[in-house]
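S.K.: Input: one structure, supplied below.
Each reported figure results from applying straightforward, stated rules to the coordinates on display, with no laboratory input. All figures in this text were calculated on a predicted structure; none of them were measured in a lab. For neighbour counting, all protein chains shown are included, and Cβ atoms are generated from backbone atoms with ideal geometry for every residue, glycine included.
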């Protein structure tokens, strides 16, 4: 398979009065054409900042200070602001967590979808209108022709999210990034939106990065999984690798937080540390039940444990590697 996105040694920092926050700290991953990758982790693990870095939407006091983001053969970090503006919405689109903040309350939803198209595509008004209706029908908006003229406040939360997805699809992007798009929705609507993403990937052969903290979602839709903690990648691999053969204690802990058949939930002790002036060693070692002396002294390297299955943990490395 051919990579459409390759993130290499990406570092995004926020420079605050209290110190430098390493929100995304030297992460690398590849996304193939047509692949649906889930980035999973607790709040504060760096998932959203990773997505915003790809979109080049990091604002002051944040800054991408290192790395490459190769999309379709181009390094996005080397593009001018004008060229990057053409990439956003056109070749890479993003669906945010809160649909309310993504829609302008004083403009009809039809106008907003057409605006997304005309910003990048040379379509006349009739073509844009027809395409907008097709998109609204595609994402499951009933009586799309009538609802085209409605305002955001006339839609439920789930329907607003469908409208936002239609906007994201307006220019047929090659990559869609979805940042926890079902968090604010009830369970029934969540399931419908997840089904919609599966259908979109199938119909458009679109690459998708889906950000979530819910391993239940991962089990439903993912091809591959990146597990993040405190700005770093702890483990990455296929969905089966991560869910059926987890190698990092943090991944195992996340799985333990899911309700089991007997209803038992085993929480991970402690919380994500402040990313300002982190302690030496592995970022997870204060919460890890398998901590060794080497874990407190230095960060572990990345170990390849099988085809496409990587883990950042001394426990899984060669015994000789634990001592350097």
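S.K.: Roughly how many whole Å is it from the C-alpha centroid of segment 225-243 to that of segment 42-68?
M.R.: Cα centroid to Cα centroid, the span is 18 Å.
S.K.: Restricting to the chain, what percent of DSSP beta bridges are antiparallel, rounded to 5?
M.R.: 65
S.K.: Here's another thing I want to ask about it. In degrees, nearest 10, range 0 to 90: what is the angle between the Cα axis of helix 187-204 and the longest Cα principal axis of the chain?
M.R.: Roughly 80 degrees, rounded to the nearest 10.
S.K.: With a bin width of 5 angstrom, please list the P(r) values of segment 216-324 as percents of all Cα-Cα pairs, from the 0 bin to the one holding the largest distance.
M.R.: 2, 12, 21, 23, 20, 14, 6, 2, 0
S.K.: Any idea what angle helix 125-138 forms with the longest principal axis of the chain, computed on alpha-carbon atoms, 0 to 90 degrees, nearest 10?
M.R.: The helix 125-138 is inclined about 50 degrees to the chain.
S.K.: A further question follows. Report, to two decimal places, the Cα Rg of segment 1-155 normalised by 2.2 N^0.38 Å (N = number of residues). Don't skip to the end; give the middle numbers.
M.R.: Working: Rg = 18.3 Å, N = 155, 2.2 N^0.38 = 15.0 Å.
Its radius of gyration relative to the 2.2 N^0.38 Å reference: 1.22.
S.K.: A further question follows. Relative contact order for the chain using alpha-carbon pairs under 8 Å, separation at least 6, rounded to a whole percent?
M.R.: Relative contact order, the chain: 20 percent.
S.K.: Something else: Which of 146, 74, 35 moves most in a GNM of the chain, Cα contacts under 10 Å?
M.R.: 146
S.K.: How many percent of all Cα-Cα pairs in segment 269-316 sit more than 16 Å apart?
M.R.: On the way: 494 of 1128 pairs.
Taking all Cα-Cα pairs of segment 269-316, the fraction more than 16 Å apart is 44 percent.
S.K.: Here's another thing I want to ask about it. Between the helical axis of 109-118 and the dominant principal axis of the chain, each derived from Cα atoms, what acute angle in degrees is found, rounded to the nearest 10?
M.R.: 80
S.K.: Follow-up question, since we're still on this one. Order 22-31, 288-297, 188-197 from most to least packed using the mean count of other Cβ atoms within 10 Å. Don't jump to the answer; show the numbers that get you there.
M.R.: Values: 22-31: 21.1, 288-297: 14.7, 188-197: 16.3.
Highest mean packing first, the order is 22-31, 188-197, 288-297.
S.K.: Could you give the semi-axes, largest first, of the ellipsoid that matches segment 155-230, computed as the square roots of 5 times the alpha carbon gyration tensor eigenvalues and rounded to whole Å?
M.R.: Numbers: eigenvalues 69, 57, 26 Å².
Over the Cα atoms of segment 155-230, the ellipsoid semi-axes are 19, 17, 11 Å.
S.K.: May I ask you to order 42-53, 125-136 by the average number of other C-beta atoms within 10 Å around their residues, highest value first? Show your work: numbers first, answer last.
M.R.: Values: 42-53: 21.3, 125-136: 16.7.
In decreasing order of mean packing, 42-53, 125-136 become 42-53, 125-136.
S.K.: Then there's this: Quick check: Cα centre of segment 139-164 to Cα centre of segment 80-112, how many Å?
M.R.: The distance from the Cα centre of segment 139-164 to that of segment 80-112 comes to 16 Å.
S.K.: Per 10 Å bin, what is the whole-percent P(r) computed from every C-alpha pair distance within segment 138-273?
M.R.: 10, 35, 32, 17, 6, 0
S.K.: Oh, and also: Which number comes out as Rg/Rh for the chain once both Rg and the Kirkwood Rh are worked out on C-alpha atoms?
M.R.: 0.99
S.K.: Packing-wise, with mean Cβ within 10 Å as the measure, how do 78-91, 271-284 rank, highest first?
M.R.: Highest-to-lowest ranking by the protection proxy: 271-284, 78-91.
S.K.: Pairs of alpha-carbon atoms within less than 8 angstrom and 6+ residues apart define the contacts here; what relative contact order does segment 34-179 have, in percent? Don't jump to the answer; show the numbers that get you there.
M.R.: Working: 155 pairs, mean separation 45.1, N = 146.
Across segment 34-179, relative contact order equals 31 percent.
S.K.: What's log10 of I(q)/I(0) for segment 85-194 at q = 0.16 Å⁻¹, Debye sum over Cα points only, no solvent?
M.R.: -0.66
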